[in-house]
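What follows is a short report on a single structure.
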Amino acid sequence: MEAETSTSVPAAAVTNTGKDLSGVAWTGGSLVGSLNPVNHGFRTADGKGGYIINNTHKRYKRTRRDADGNVIDENDIQDDDIPGNVVVQFRDREGETVGEAMDVPTSAGTDELGTLIRSLLNEDDEDHSTNKAHIPYAFFAKIERITKTTNPSTGEPVVKTHTDEIDITDFNSLKAFLKEYYKQISTEQTLELTYQPLALFKVRPVTRCTDTLPGHTEAILHVSYSPDGKHLASGGGDATVRFWDVNTSTPRHTCKGHKDHVLSTSWSPDGKRFASGDKRGFLILWEPTKGESSGSIKAHSKWITGMAWDPMHRNNGKCERLVTSSKDGLAKIWNVRTKRCEATLAGHTDSIESVKWGGEGLIYTASRDRTIKVWNAEEGDGKGRVGLLVRTLVGHGHRVNTLAVSCDYICRTGPFDHYGKIADLEVRDRDSDEWREAAYKAAVAKYNAFKGSGEHERLISGSDDFTLMLWHPTENKRPIKRLTGHQQAVNHLAFSPDSRFFASASFDKKIKLWNGRSGDFVTTMTGHVGAVYQVAWSSDARFLVSASKDSTAKLWEVPSGRKAKETLPGHADEVYALDWSPNGASVATGSKDRTIKIWKH
């Protein structure tokens, strides 16, 4: 056996007997024994009356080998180490338990868990409708992660524990999930799984171009469907806003009023108003059914970069407030009925690139000054005045280009379901009090069903520093996670309608898919040969479509699709604008070639 020389000798063990102690067993003291358990070697004289301990043995772990004789890394866990059963307790989004804790085979996958939860719900509820038996479910498990950091002021180590919610739907079985997270989850304790029903309907993937809509004389920068999916609006470099008939794919109204490029557009949640902002800072409000302007406002001194409407579940069904952001570094809250500015949100030191109105009464602005600011948008309940700065989110190293909020889709579609209708409402006059009251109640119920109990509003930001950051902006000013992987600037983000995932588009020609709750990386979608400008989700969250500089749009299946399911060619130049109808019927793309194309199954 090869000898290994000790690197140090205890001072108390050195003696001056003057004798050669080589090979002599030491009987006085504890060179070997309870006081010196490491020493199992032999000694040689050091020539100065002391000794050197040689051949000290290391403590080796037992080597494990597989059936082929290969050494198994102790840090890896094998299938045999996972028990055959685990105790599972189901909970709904409100945190209420469903059924009793039960022993479930770890070989069970999402389909088996879905069958189990359906049987439990049918036992608890008297509703045995045929539809309920076919509802698909997603399942989430909470794990605790420990992060170790250093306090920058004291230099002392800081240990923090935070809880992540992991989507186990993508795992083949509970065993695969437990094997992946065996360090964070004990199989000897009850595994709590939260279930979430997925969309009962399925949107058919778009595969072909059914119509090409000419009319614009310059590049098309924006296309967007109304919240009920029955109208389409577009705006671009020719300073016009156009409304199109979705059923016949023909123009309905051409609205002139802007004097420069239309850079930002947005539908009100009730679908009654459409707002557009231009390069000269003018905000114009339109009535889509008539094609007429209801007012023009000189909103900013420089061009308008973004706008967002007050969510319907927060405004008693009025839909009268709108926030705009601008290159002048300001954001302003407008009452579109009175044409009055209710508040000016000042605090950024550079251009505001993106603005979002969240579902909890807060407004988020992202700026070139590398910060994100959170503003109060409502009065009462101790919130202070409208426009009050709540907190500043700092973390990015370069300008922040884009934001996405977990409830974006719910706020956008307001009271409408995936058919573009309001349940149990027969009144069609949207100006009536009866319609507004019913729409408000539907929007509140829809948002509450989406949010559940204890669900944080999540914000994701993308920057020129190639990274994304996940935030809980209503609770904390520190990022939950920093997401890396893109190799160029991130220019667009979008949460899926059920907020299980979010997608990021970048100039590196790639789209990345991330877990919507934990921020964990899911997959990279490759196929575009030019920068990806925008992404849009189908209303059932099963498909994603992207627009690129390479003059194509591509369809991706989520979450499995690393390669495009379909390529949608036909445009003669870069595809700038993109939207998927909330009712799932069609996709609209707008291009530098001055045309809009409609894509259907």
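The values are calculated or read from the model by the stated rules, or taken from the named source; none is laboratory data. This one's a predicted model, so the numbers in the text were calculated from it and none came from an experiment. So basically every Cβ, Gly included, is an ideal-geometry build from the backbone, and we count neighbours across all protein chains shown. Keep in mind that these areas ignore ligands, DNA and RNA; they rest on the heavy atoms of the full protein, side chains included. Shrake-Rupley method; radii C 1.70, N 1.55, O 1.52, S 1.80 Å.
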Item to check | One residue from SER173, SER186 being open to solvent by less than 30 Å² (accessible area, probe 1.4 Å) and either out of contact with any strand residue (DSSP E or B) (no Cβ under 8 Å at 6 or more places or on another chain) or on the phi > 0 side of the Ramachandran plot (or both) | outcome: SER173
Checklist outcome for this item: Within region 243-279, the residues that are closer than 23 Å to CYS319 by Cα, charged (D, E, K, R) and touching a Lys or Arg at 6+ places or on another chain (Cβ under 8 Å) are ASP270, LYS272, ASP278
Next on the checklist: With the requirement that a residue be open to solvent by less than 10 Å² (accessible area, probe 1.4 Å) and either in contact with a helix residue (DSSP H, G or I) (Cβ under 9 Å, 6 or more places away or on another chain) or farther than 24 Å from VAL405 by Cα (or both), what does region 263-277 give you?
Outcome noted: SER268, PRO269, ASP270
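What number of residues within region 312-340 satisfy the criterion of being acidic (Asp, Glu) and on the phi > 0 side of the Ramachandran plot? Outline the logic, then answer.
Taking region 312-340 and keeping what is acidic (Asp, Glu), we get 320, 328.
Imposing the further condition that a residue be on the phi > 0 side of the Ramachandran plot reduces the set to none.
Residues that pass the stated criteria total 0.
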Checklist entry - Does any residue of region 107-120 turn out to be crowded, with 16+ Cβ neighbours inside 10 Å, more than 26 Å from LYS183 (Cα to Cα), touching a residue at least 40 places away in the same chain (Cβ under 8 Å) and aliphatic (A, V, I, L, M)? => result yes
Checklist entry - Within region 512-547, how many residues are among the β-branched types (Val, Ile, Thr), more than 14 Å from the chain's Cα centre (by Cα) and open to solvent by less than 10 Å² (accessible area, probe 1.4 Å)? => result 2
Checklist entry - When region 580-592 is examined, which residues are found to be open to solvent by less than 30 Å² (accessible area, probe 1.4 Å) and not in a strand (DSSP E or B)? => result SER581, PRO582, GLY584, SER586
Next on the checklist: Regarding region 236-247, can at least one residue be identified that is surrounded by fewer than 16 Cβ atoms within 10 Å (Cβ to Cβ) and on the phi < 0 side of the Ramachandran plot?
Outcome noted: yes
Checklist entry - So which residues in region 349-385 are more than 17 Å from PRO473 (Cα to Cα) and either of a type in the set (Ser, Thr, Tyr) or open to solvent by 10 Å² or more (accessible area, probe 1.4 Å) (or both), if there are any at all? => result THR349, ASP350, SER351, GLU353, ARG368, ASP369, GLU379, GLY380, ASP381, GLY382, GLY384, ARG385
Checklist entry - Does region 161-214 hold any residues that are aliphatic (A, V, I, L, M), farther than 29 Å from ALA585 by Cβ and assigned to a strand (DSSP E or B), and which are they? => result ILE166, LEU191, LEU193
Item to check | Single condition VAL386 does not satisfy, out of (1) touching a residue at least 40 places away in the same chain (Cβ under 8 Å); (2) in a loop (DSSP other than H, G, I, E, B); (3) farther than 29 Å from SER325 by Cβ | outcome: (3)
Checklist entry - Here are ALA572, ALA577, ALA505: which of them is surrounded by fewer than 20 Cβ atoms within 10 Å (Cβ to Cβ) and among the aliphatic types (A, V, I, L, M)? => result ALA572
Next on the checklist: I'd like the full set of residues that are small (Gly, Ala, Ser), within 27 Å of ASP579 (Cα to Cα) and open to solvent by 40 Å² or more (accessible area, probe 1.4 Å), limited to region 390-435.
Outcome noted: ALA423
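Yes/no per residue for (1) of a type in the set (Lys, Arg); (2) without any contact (Cβ under 8 Å) to a residue 60 or more places away in the chain; (3) assigned to a loop (DSSP other than H, G, I, E, B):
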| residue | (1), (2), (3) |
| --- | --- |
| GLU342 | no, yes, no |
| HIS348 | no, yes, yes |
| TYR364 | no, no, no |
| VAL374 | no, no, no |
| GLU378 | no, no, yes |
Item to check | region 200-235: number of residues that are among the acidic types (Asp, Glu) and either free of Cβ contacts under 8 Å to residues at least 60 places away in the same chain or open to solvent by 40 Å² or more (accessible area, probe 1.4 Å) (or both) | outcome: 2
Checklist entry - Can you pull out the residues in region 548-564 that are among the β-branched types (Val, Ile, Thr) and either open to solvent by 40 Å² or more (accessible area, probe 1.4 Å) or without any contact (Cβ under 8 Å) to a residue 60 or more places away in the chain (or both)? => result THR552
Checklist entry - Is it true that ASP433 is under 18 Å from PRO227 (Cα atoms) and of a type in the set (D, E, K, R)? => result no
Checklist outcome for this item: Condition set among the hydroxyl-bearing types (Ser, Thr, Tyr) and under 23 Å from the mean Cα position of the chain (by Cα), scope region 298-329, selection nearest to ASN401 (Cα to Cα): answer is THR305
Checklist entry - Name the residues in region 134-160 that are closer than 19 Å to ILE480 by Cβ and either among the charged types (D, E, K, R) or in contact with a Cys (Cβ under 6 Å, 6 or more places away or on another chain) (or both), would you? => result LYS142, GLU144, ARG145, LYS148, LYS160
Checklist outcome for this item: Matching residues in region 436-457 (within 26 Å of GLY306 (Cα to Cα) and open to solvent by 30 Å² or more (accessible area, probe 1.4 Å)) number 6
